[in-house]
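Worksheet for the structure shown next.
Nothing in this text is a laboratory measurement; each read-out follows from the coordinates by a stated rule. Everything numeric in this text was worked out from a predicted model, so none of it was measured. Cβ coordinates were reconstructed from backbone atoms using ideal geometry, including for glycine residues, and neighbour counts include every protein chain displayed.
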């Protein structure tokens, strides 16, 4: 379980497991809750340094996109903030 309840808590540390995952994750879908939000450039760059592209969207869209990527057997992960 991801212990993040809002975008203010999203950090390189909270996403560290994604960069360390085996097999390697290429795309991280970040579900921001009810609406999409901006991810700080430093966080995006830190994830890219681990070889992970961050795609930001609302949580519903992130869930749907994750299911599509899994059906295509793509190396992806999802970090989802619950919708209140």
Legend entry - Condition check for residue 45: free of Cβ contacts under 8 Å to residues at least 24 places away in the same chain and surrounded by fewer than 17 Cβ atoms within 10 Å (Cβ to Cβ): yes
Inset, instruction - Go through segment 1-72 and tell me which helices (runs of 4 or more DSSP H), entirely inside it, have 1 or more residues that are closer than 15 Å to residue 83 by Cα. - result: 59-71
Inset, instruction - Report, by residue number, each residue of segment 73-84 that is closer than 15 Å to residue 21 by Cα and outside any strand (DSSP E or B). - result: 74, 75
Legend entry - The lone exception for residue 82 - which of (1) surrounded by fewer than 17 Cβ atoms within 10 Å (Cβ to Cβ); (2) without any contact (Cβ under 8 Å) to a residue 60 or more places away in the chain it fails: (2)
Inset, instruction - Restrict the check to segment 12-33 and report whether at least one residue is surrounded by 15 or more Cβ atoms within 10 Å (Cβ to Cβ), at negative phi and either over 13 Å from the mean Cα position of the chain (by Cα) or touching a residue at least 60 places away in the same chain (Cβ under 8 Å) (or both). - result: yes
Inset, instruction - Give just the number: which of (1) within 11 Å of the chain's Cα centre (by Cα); (2) exposed (fewer than 14 other Cβ atoms within 10 Å of the Cβ) does residue 51 not satisfy? - result: (1)
Inset, instruction - Any residue in segment 54-76 that's without any contact (Cβ under 8 Å) to a residue 12 or more places away in the chain: show its pairings with residues that are surrounded by 12 or more Cβ atoms within 10 Å (Cβ to Cβ) at Cβ separation under 8 Å, as long as the two are six or more apart or on different chains. - result: 70/76
